[in-house]
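Below is one structure, written out as structure tokens; the observations come after it.
The values are calculated or read from the model by the stated rules, or taken from the named source; none is laboratory data. Every value quoted in this text rests on a predicted model; they were computed, and no experiment measured them. Positions of Cβ are generated from backbone atoms using ideal geometry, with glycine treated the same way; all protein chains shown enter the neighbour counts. What goes into the accessible areas is simple: the full protein's heavy atoms, side chains included, and nothing from ligands, DNA or RNA. Shrake-Rupley method; radii C 1.70, N 1.55, O 1.52, S 1.80 Å.
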Amino acid sequence: MKGRTKKTKNRWLIAASAVGIHISIGSVYAWSNFTNPLIDQFGWSTSQVQLTFSIAILFLGLSAAFLGHFVEKHGPRKAGILAATCFGVGVMGAGFAVSMSSLTLLYVFYGVLGGIGLGVGYIAPVSTLVKWFPDRRGLATGMAIMGFGFAAAISSPIMEALINSVGLQNTFYILGASYLLIMIVSSLYLEKPEEGWAPAGYVKKLESGKIEAKVDLAQLTANEAVKTKRFYYLWMMLFLNVTCGIAILSAAKPLAIESIGMTTVQAAALVGVLGLFNGAGRLGWASISDYIGRRHTYTAFFVIQLALFALLPFTTNAIMFQVMLAIIYTCYGGGFSCIPAYIGDIFGTKQLGAIHGYILTAWAAAGIAGTMFAAWMKDTTGSYESSLLFFSGLFAIALVISILIQVDIKKVRAEQHNSKKSNVVQTAKSV
């Protein structure tokens, strides 16, 4: 009908759709459920099986970087369907690899194809959510990325039950088909808001003067963003936070056994519980960042972790040890969820998906650096304690970078203010 206006979608359902995609792709962190069954069935080594996960994370970073422009050009719906196809077929293809007893096919399907689905699926809904929640960017991105963090806890028991009841091959087929369906249904509801859209309540508060509009530092394309110092500061901050976080994730169980004398069963249970803090930190810290700002949130991450990493090797009290680890896990998860909102604050939302994709290469690099260094320190010194002191030093560097980015942002703000002032003067003179 002529003159009929398009109905605006419910932004909370957009958020729920994003969570649906992230819970599906986040199941990659439950890969360890397949490790022993694959080793038992085929006699492959632990390193051979674990390489599948490493390839998937590598291609997550690569596809996020190289397909970020695809997300911006074709929109979240098409990007989400592409992610669903790659990830769903990748997981089902792992079932085919099992039927063929082929490690190479496992790498190709789950590692490469599934990894591509991971990368596109990670950035597509997040970049869209930032645009739907101009008033609560942190909360919005925190909700989706929390889904990624909690996914392992949700999918692990399901995987375990399926493997025991229908076998390894059929488990991959069932999971792959389920992820494909959930992600496609979620993707079909995804959509960018209209240009200049804002929630009614937010607009009323702005008009009444109750709140001030948050103005982004700039509106840059991805290619413009990578030419700024701020981009590399942000990349390094994420890289250092993830490098140290992954190291502590990989060492948490042996640390608990060596430092406070936990049994293997108790340490394994602790790691499972700490995973919940990883997920909770993604929503909690991102929500806090809406009030104290992303700049101050990252500074808080680095101050807190600098102290905790330095104290952990000397902590023998079991309760204190667990509390400290829990706080570290929240900071690790929070680092992921605050990044998209931080990108929006300093680069705008014009090509947020593409910029987010470039920044996520820090995740891929850290995934290799963190685990390898922690393992090397363990082999060299015989314990993880010395590596924790080293990582504390890395947080000192990260803290300096978080201050440098604040200085750079203030400098740009001052330049913008002076430029605006100059334009007003010039206009007044011409009048």
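Miscellaneous remarks
- Percent carbon-and-sulfur accessible area, segment 69-223, ignoring ligands, DNA and RNA, probe 1.4 Å: 65
- Isotropic mean projected area of the C-alpha convex hull, segment 126-191 (nm²): 5.0
- Each 10 Å bin from zero holds the following percent of Cα-Cα pairs in segment 34-163: 13, 37, 33, 14, 4, 0.
- Farthest towards the positive end of the charge dipole of the chain, among the residues Leu67, Phe239, Phe302, is the Cα of Leu67, using unit charges on the Cβ of Lys, Arg, Asp and Glu.
- Inter-label distance, Thr8 to Ser32: 4.5 nm, where each label sits 7 Å from its Cα along the C-beta direction.
- Listed peptides 226-234, 285-293, 118-126 by packing density, highest first (mean Cβ within 10 Å): 118-126, 285-293, 226-234
- Contact order for segment 129-232, expressed relative to its length and based on alpha carbon pairs under 8 Å spaced 6+ residues apart, stands at 28 percent.
- Mean projection area, nm², convex hull over Cα of segment 256-397: 9.0
- Using the Cβ-Cβ distance between His417 and Ala161 with R0 = 41 Å, the FRET efficiency computed as 1/(1 + (r/R0)^6) comes to roughly 0.10.
- In a simple Cβ point-charge model (Lys, Arg +1; Asp, Glu -1; nothing else charged), the chain has a dipole of about 1980 debye relative to its Cα centre.
- Axis of helix 294-311 versus longest Cα principal axis of the chain: the two differ by about 30°, to the nearest ten degrees.
- Cα→Cβ-extended label distance, 7 Å offset, between Lys204 and Ala177, nm: 4.8
- For the chain, the spread of Cα coordinates along the three principal axes comes to 83, 61, 35 Å, biggest extent given first.
- Over the chain: helical MRE at 222 nm, DSSP H runs n ≥ 4 each giving -39500 (n - 2.57), nearest 500: -28000 deg cm²/dmol
- Ile304 versus Ile257: modelled label distance in nm, points set 7 Å from Cα along the beta carbon direction: 2.9
- The chain: angle of helix 264-292 to the longest principal axis, Cα-based, in degrees nearest 10: 0
- Extension gain for Thr316-Asn170 works out to 48.0 nm (0.36 nm per residue, less the C-alpha to C-alpha distance).
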